[in-house]
Amino acid sequence: MLADFLIHNTAEVLTCAGPAPRTGRRQGDAGSLPSAVVAALGGTIVFVGADAEWRRTGTLADDAVVVDAHAGAVVPGFVDPHTHVVFAGDRREELRRRLGGATYSEIAAAGGGIVGSVRATRAAADEELAADTRGRLDEMLRCGTTTCEAKSGYALTVDGELKMLRAIRALAATHAIEMSPTFMGAHEVPVEYRGRRSEYVDLVVRDMIPAVAREGLAEWCDVFCETGVFTPEESLAILEAGRAAGLKPRIHADELAASGGSAVAAQVGARSADHLIFVDELAAAGLASAGVVATLLPIASFYLKLGRFAPARMLIERGVAVALATDVNPGAGYSPSMPFAMTLACFAMNLTFEEALVAATLNAACSLDRQGRIGSLEAGKQMDAVVVHGPAINLIRVGADTIRAVIKRGRLVVDNWS
């Protein structure tokens, strides 16, 4: 067995290998292999197992890269299945206002929130938008993210949404992070359409979606189904139009109230329903029956000061596959760190460390329909991995320097050994 990339001298490899998605008790099975090695050839894993077995059966190419884990743990590269990483402008002043007691709704009513980012993104030159986004992707990579979803939705015009999606395509061709593009023209009703929202829904359905599909710029269609934004009926119409154009459905659901978004997700067969802070048991049963992944975003709950988090334990107990994401965005997703999302999942949503790890890797890959290629460390899958300084649970030591290396497609893309 030939390999050109090898990680050895590990204390433990948490493979997250096996059937996907993980649901119920199986969500806590992270597949621990003590003192294992991981070998790859041409960016694809060819062996995961005991060091002694590798020595008997494996051969390294002359130019092989060998990574000594120094008795640290190895986990799959993190998959971040919900980000708004492409935007222009700076809304950190809103954070100061929020810390002073202002609510999300109050900030939005004063002209802030999503519409503030819309103004800045519309005005940004292509080069500025790409450069700003690249910097944020670099931060995510250093935190161990090797694949992410990226949405449009901060332009809300045909040309502006295409500009955002073209930026994602260009960055995906050059950045180490693998990107899954999502069209989200239904992120908000723009100011110029307030009072005539049905015309904006028609614009999304009749003009934006066909334009995106013609250029092949997106894999997904998303909509913000929320009181005051898009109704369940509008959301269903937009997602059905997207699916007819070849864009798979996902949805922002039940974030600020019980909006009916989770019911839309089940009805349309969305791959993922995201946020779900106010989802109830009946809606959870519908998600489980429809095979919808629940992508939870505890970082958004934290920075929005919502006072509650999605009921992750209830979702797991009712057979819903739970994934985690950062929700990187200009107004509430201030952390690019999947380990921080895992930390909040453990301490604010009562997940075990292993459940959170599966949620950030294999189940997150399922949220993006990539579970056959990424999300776990097993032969035949892409060589995407994170080497931890010490045991894997060190990942939830917030602020500590716990990521020693990040590997994407068998290439060392972050090296913190020195």
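Looking at the stretch 29-48, which of its residues are surrounded by 18 or more Cβ atoms within 10 Å (Cβ to Cβ) and within 30 Å of Ala345 (Cα to Cα)?
Ala30, Gly31, Leu33, Ala36, Val37, Val38, Ile45, Val48
Identify, from the list Val406, Val358, Val387, the residue that is among the β-branched types (Val, Ile, Thr), open to solvent by less than 10 Å² (accessible area, probe 1.4 Å) and more than 14 Å from Cys143 (Cα to Cα). Full working, then the answer.
Numbers: Val406 fails: more than 14 Å from Cys143 (Cα to Cα); Val387 fails: more than 14 Å from Cys143 (Cα to Cα).
Among Val406, Val358, Val387, only Val358 is among the β-branched types (Val, Ile, Thr), open to solvent by less than 10 Å² (accessible area, probe 1.4 Å) and more than 14 Å from Cys143 (Cα to Cα).
Pick out the one residue from Ser335, Ser289 that is surrounded by fewer than 24 Cβ atoms within 10 Å (Cβ to Cβ) and under 24 Å from Thr145 (Cβ atoms).
On the way: Ser289 fails: under 24 Å from Thr145 (Cβ atoms).
Of the residues listed, the single one that is surrounded by fewer than 24 Cβ atoms within 10 Å (Cβ to Cβ) and under 24 Å from Thr145 (Cβ atoms) is Ser335.
Hey, can you tell me all the residues within the stretch 186-195 that are under 21 Å from Ile251 (Cβ atoms) and open to solvent by 70 Å² or more (accessible area, probe 1.4 Å)? Please lay out each step first, then the result.
The initial filter retains those residues of the stretch 186-195 that are under 21 Å from Ile251 (Cβ atoms), namely 186-190, 193.
Result: no residue meets the conditions.
In this structure, is Ser198 crowded, with 18+ Cβ neighbours inside 10 Å and among the hydroxyl-bearing types (Ser, Thr, Tyr)? So that I can check it myself, show each step before the final result.
On the way: crowded, with 18+ Cβ neighbours inside 10 Å: no; among the hydroxyl-bearing types (Ser, Thr, Tyr): yes.
For Ser198, the condition - crowded, with 18+ Cβ neighbours inside 10 Å and among the hydroxyl-bearing types (Ser, Thr, Tyr) - is not met.
Looking only at the stretch 212-235, decide whether some residue is surrounded by fewer than 21 Cβ atoms within 10 Å (Cβ to Cβ), of a type outside the set (Asp, Glu), in contact with a Leu (Cβ under 9 Å, 6 or more places away or on another chain) and in a helix (DSSP H, G or I).
yes
Checking Val413 against (1) surrounded by fewer than 24 Cβ atoms within 10 Å (Cβ to Cβ); (2) over 11 Å from Gly77 (Cβ atoms), only one condition comes out false. Which one?
Among (1) surrounded by fewer than 24 Cβ atoms within 10 Å (Cβ to Cβ); (2) over 11 Å from Gly77 (Cβ atoms), the lone unmet condition for Val413 is (2).
For the structure I just gave you, tell me whether Phe302 is surrounded by fewer than 24 Cβ atoms within 10 Å (Cβ to Cβ) and part of a helix (DSSP H, G or I). Write out each step before concluding.
Numbers: surrounded by fewer than 24 Cβ atoms within 10 Å (Cβ to Cβ): yes; part of a helix (DSSP H, G or I): yes.
Yes; evaluated as a whole, the condition is true for this residue.
Please enumerate the residues belonging to the stretch 249-269 that are in contact with a Cys (Cβ under 7 Å, 6 or more places away or on another chain), hydrophobic (A, V, I, L, M, F, W, C) and either assigned to a helix (DSSP H, G or I) or over 21 Å from Ala365 (Cβ atoms) (or both).
The initial filter retains those residues of the stretch 249-269 that are in contact with a Cys (Cβ under 7 Å, 6 or more places away or on another chain), namely 249, 251-253, 259-261, 264.
Still in the list and also hydrophobic (A, V, I, L, M, F, W, C): 251, 253, 264.
Residue satisfying the conditions is Val264 alone.
Mind checking which residues of the stretch 267-285 are under 18 Å from Glu240 (Cβ atoms) and open to solvent by less than 30 Å² (accessible area, probe 1.4 Å)? Outline the logic, then answer.
So the first thing to find is which residues in the stretch 267-285 are under 18 Å from Glu240 (Cβ atoms), and the list is 267-273.
Those that are under 18 Å from Glu240 (Cβ atoms) and open to solvent by less than 30 Å² (accessible area, probe 1.4 Å): Val268, Ala270, Ser272, Ala273.
Which ones in the stretch 1-28 are over 26 Å from Val67 (Cβ atoms) and open to solvent by less than 10 Å² (accessible area, probe 1.4 Å)?
Passing the criteria: Arg22, Gln27.
Which condition number does Ser105 fail, the rest of (1) over 23 Å from Pro249 (Cα atoms); (2) part of a helix (DSSP H, G or I); (3) modelled with pLDDT of 95 or more being met?
The number of the failed condition is (3).
Residues in the stretch 390-403 that are open to solvent by 70 Å² or more (accessible area, probe 1.4 Å), closer than 15 Å to Gly72 by Cβ and among the hydrophobic types (A, V, I, L, M, F, W, C): how many? Spell out how you get there, then give the answer.
Our first condition is that a residue be open to solvent by 70 Å² or more (accessible area, probe 1.4 Å); within the stretch 390-403, this holds for 391, 393, 397-399, 401.
Checking the rest, the ones that are also closer than 15 Å to Gly72 by Cβ come to 391, 393, 397, 401.
Then drop every residue that is not among the hydrophobic types (A, V, I, L, M, F, W, C), which leaves 393.
Qualifying residue count for the region: 1.
All but one of (1) open to solvent by 20 Å² or more (accessible area, probe 1.4 Å); (2) more than 30 Å from Val406 (Cα to Cα); (3) assigned to a loop (DSSP other than H, G, I, E, B); (4) not hydroxyl-bearing (Ser, Thr, Tyr) hold for Gly89; state the number of the condition that does not hold.
(2)
Which numbered condition trips up Ile168, out of (1) open to solvent by less than 10 Å² (accessible area, probe 1.4 Å); (2) among the β-branched types (Val, Ile, Thr); (3) farther than 24 Å from Thr295 by Cα?
(3)
With part of a helix (DSSP H, G or I) and small (Gly, Ala, Ser) as the only criterion, which of Gly246, Gly242 stands out? Write out each step before concluding.
Values: Gly246 fails: part of a helix (DSSP H, G or I).
Answer to the check: Gly242.
Of all residues in the stretch 236-256, count the ones that are open to solvent by less than 10 Å² (accessible area, probe 1.4 Å) and within 25 Å of Arg308 (Cα to Cα).
Adding up the residues that qualify gives 5.
The values are calculated or read from the model by the stated rules, or taken from the named source; none is laboratory data. Source: prediction; values computed, not measured. Ideal geometry is used to build each Cβ from the backbone, glycine not excepted, and the neighbour counts take in all protein chains shown. Each accessible area value is taken on the protein alone, full model and side chains, heavy atoms only, with ligands, DNA and RNA left out. Shrake-Rupley method; radii C 1.70, N 1.55, O 1.52, S 1.80 Å.
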